[in-house]
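Please treat every number below as a calculation from the coordinates, not as lab data. Computed from a predicted model, the values in this text were never measured in an experiment. Heads up, the Cβs are rebuilt from the backbone with ideal geometry, glycines too, and the neighbour counts pull from every protein chain shown.
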Amino acid sequence: MYEFAYHRPGSVAEAAKLAGDHTDGKLLAGGQTLLPTMKQRLAGPSDIIDLSRLDDLRGISVKDGVVTIKALTRHAAVATSAEVKAAIPALAELAGMIGDPAVRNKGTIGGSVANNDPAADYPSACLALGATITTNKRAIKADDFFQGMFETALEEGEIITSISFPVPEKANYQKFRNPASRYALVGVFVAKTAGHVRVAVTGAGASGVFRVRDFEAALEANFAPAALDGKSVSASGLNSDIHADAEYRAHLITVMAKRAVAAAG
Amino acid sequence: MTAVSMTVNGQHVSAEIDPRTLLVQFLREELRMTGTHVGCDTSQCGCCVVHVNGDAVKSCTTLALTCDGASVTTIEGLAKGDELHPMQAAFRENHGLQCGFCTPGMIMTAVELVSRKGTNLDEHTIREELEGNLCRCTGYHNIVKAIAAGAQAMGTAAE
Ligand SMILES: Cc1cc2nc3c(=O)[nH]c(=O)nc-3n(C[C@H](O)[C@H](O)[C@H](O)COP(=O)(O)OP(=O)(O)OC[C@H]3O[C@@H](n4cnc5c(N)ncnc54)[C@H](O)[C@@H]3O)c2cc1C
Ligand code: FES
Ligand code: FES
């Protein structure tokens, strides 16, 4: 690891000030992505702004048909939350599929969404459920937030404070895991709201999470797995690597989407 | 250098450390408690699992400074004197280890698993929960048996 100066702010305002003063610094949440990257010297921030003491950024609430999860809420807390399980079971299940128990005990929803790893799980839920990402400065729609591999609408030093998910009529997430890394080789989140269906795919796209409008239209007409018969996503623009080539990922997208529709019921 | 203090296995410890110090380095190099192992450089093997305020975490993927004020339990903190913790005893009974390198992380993961899911653990649950703990020797079978038995024994011990 390269050297850095360490800060542990006690409020979001103080954290934002530190982030503004140290433009080569990084916010540290659960550290489950940032610390491995720093250990490998793929990142060398001048300053670490440790958010772990910002207790008012932890917690889950459900109000007026919207589940709001504060940024520092750990994956384990979302996976086991009775409120999330009751309102959007697919979201709790997704959180329980991230990494392993020790990763879920540290990793946070804010860190995952801010990082926008092309194989991460939460971005698909944000996009399919039409979530709103709230920061210390503004509210950003998921459709505008994810801008490509590891790219988001966040400005330097902007801090995610919470993420709000409108409760759908039905939803399901199906993840085809990479058995070694446990990240999604392909993950498909399907959500149905009054008259609308959204389908978001993670793990597959060369520029990160994306929606499949063609699947959405077919499912709006008939919310059943058979509606996707013969439909597929073009393999161009999908990732090819040693784990799976683009054609295989394209195939998996249809399979996972059908399974998600079947499981959503 | 930055000051840090925490409770490790019930003892209060404090030191001046480089901010880069990972919790596992603090335990092994500063406190000379070498029971917690480092098996990988990629946060994947689970050999380094310890409890921070009761949660199983990878100490190789945690800054020591983040644990300022926390209560940490390591494998050294489980036995009572010469008497092994029921989970440790179950690993010995069930041949749950060969070289023993992964064992501290396996046992710390298993003890926290019992605190979350109780003392009656089926094989499927144990295997799922061991997702983040790699073993190069045993083929896992006896580890799974040891955890099921150790969980039961923890229930009996608590009665
Ligand atoms: C072994 C292993 C397996 C994993 N498997 C999966 C998996 O299957 N699926 C999956 O989705 N993820 C997986 N992860 C990643 C894990 O979910 C991380 O917890 C997550 O991606 C990042 O969250 P964090 O809280 O740890 O963030 P950190 O690592 O602390 O930070 C990540 C990035 O986000 C920024 N950031 C953090 N919080 C905020 C905030 N509030 N506002 C703005 N920026 C912020 C940081 O500056 C940094 O750039 C895995 C990780 C490991 C180590
Ligand atoms: S040493 Fe911590 S996960 Fe391998
Ligand atoms: S007993 Fe040797 S690595 Fe598990």
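Ranking of A:S112, A:S236, A:S81 by neighbouring Cβ atoms within 10 Å, starting from the fewest: A:S236, A:S81, A:S112. The fewest-to-most ranking of B:R92, A:R74 by surrounding Cβ atoms within 10 Å reads B:R92, A:R74. Inverting the pair-averaged 1/r between distinct Cα atoms of the range A:214-265 gives 11.6 Å as its Kirkwood hydrodynamic radius. Of all DSSP beta bridges located in chain A, what percent are antiparallel, nearest 5? Percent antiparallel among DSSP bridges in chain A is about 85.
Compared with the dominant principal axis of the Cα atoms in chain A, helix A:12-21 is inclined by about 70°. The Cα atoms of the range A:170-264 cover 39, 24, 21 Å along the three principal axes, with the biggest extent listed first. Pairs to check: A:K70/B:K58; B:K80/B:K117; A:K26/A:K70. Give those whose C-alpha atoms are more than 21 Å from each other in this structure. Among A:K70/B:K58; B:K80/B:K117; A:K26/A:K70, the Cα-Cα distance tops 21 Å for A:K70/B:K58; B:K80/B:K117. Using only side-chain charges placed at the Cβ, +1 for Lys and Arg and -1 for Asp and Glu, the dipole size of the protein assembly as shown relative to its Cα centre rounds to 680 debye. Annotation: the residues A:I242, A:I88, A:I69, sorted from fewest to most other C-beta atoms within 10 Å of their own C-beta, follow the order A:I242, A:I88, A:I69. Computed from the C-alpha gyration tensor, the three semi-axes of the ellipsoid equivalent to the range B:52-124 are 23, 15, 13 Å, from longest to shortest.
In whole angstrom, the range B:86-158 maps to an equivalent ellipsoid with semi-axes of 18, 13, 10, each derived as √(5λ) from the alpha carbon gyration tensor and ordered largest first.
Going 7 Å from the Cα of B:H141 in the Cα-to-Cβ direction, what parts of the range B:107-132 have a backbone nitrogen less than 17 Å from that spot? Only B:123-124, B:127 pass the distance filter.
Taken residue by residue and averaged, Cβ atoms of other chains lying within 10 Å of the Cβ of B:60-71 number 5.
Segment A:A139..A:E151, full-extension length gain: 2.6 nm, with 0.36 nm per residue of separation and the alpha-carbon distance subtracted. Taking a quarter of the surface of the Cα convex hull of the range A:85-124 gives a mean projected area of 2.9 nm². Based on every Cα atom in the protein assembly as shown, Rg and the maximum pairwise Cα distance Dmax equal 22.1, 69 Å. The relative contact order of chain A, computed from alpha carbon pairs under 8 Å that lie at least 6 residues apart in sequence, is 15 percent. What is the calculated FRET efficiency for A:E220 to A:A13, with r their C-beta to C-beta distance and R₀ = 56 Å, to the nearest 0.05? That gives a FRET efficiency of 0.80. With R₀ fixed at 41 Å, the C-beta to C-beta distance from A:R213 to B:E128 puts the FRET efficiency at about 0.70. Among A:T33, A:T161, A:T202, the largest mean-square fluctuation in a Gaussian network model of chain A (Cα springs under 10 Å) belongs to A:T33. Working from label points 7 Å from Cα in the Cα-to-Cβ sense, the A:A194 to B:A3 distance is 5.9 nm.
Helices that extend 24 Å or more along their long axis by alpha-carbon positions and average at least -0.5 on the Kyte-Doolittle scale are, among the DSSP H runs of chain B, B:141-158. Looking at chain A as a GNM with Cα springs under 10 Å, which of A:P89, A:P166, A:P36 has the largest mean-square fluctuation? Most flexible of the set in this elastic network: A:P36.
Potential lengthening of the chain between B:A15 and B:N53 amounts to 11.7 nm, from the contour at 0.36 nm per residue minus the alpha-carbon distance. For the range B:1-79, the set of trypsin sites (Lys or Arg not before Pro) satisfying both a DSSP loop assignment and a count of at most 12 other C-beta atoms within 10 Å is given as B:R32.
Around the Cα centre of the range B:2-77, unit charges on the Cβ atoms of Lys, Arg, Asp and Glu (plus for the first two, minus for the last two) sum to a dipole of about 120 debye.
Using only side-chain charges placed at the Cβ, +1 for Lys and Arg and -1 for Asp and Glu, the dipole size of chain B relative to its Cα centre rounds to 220 debye.
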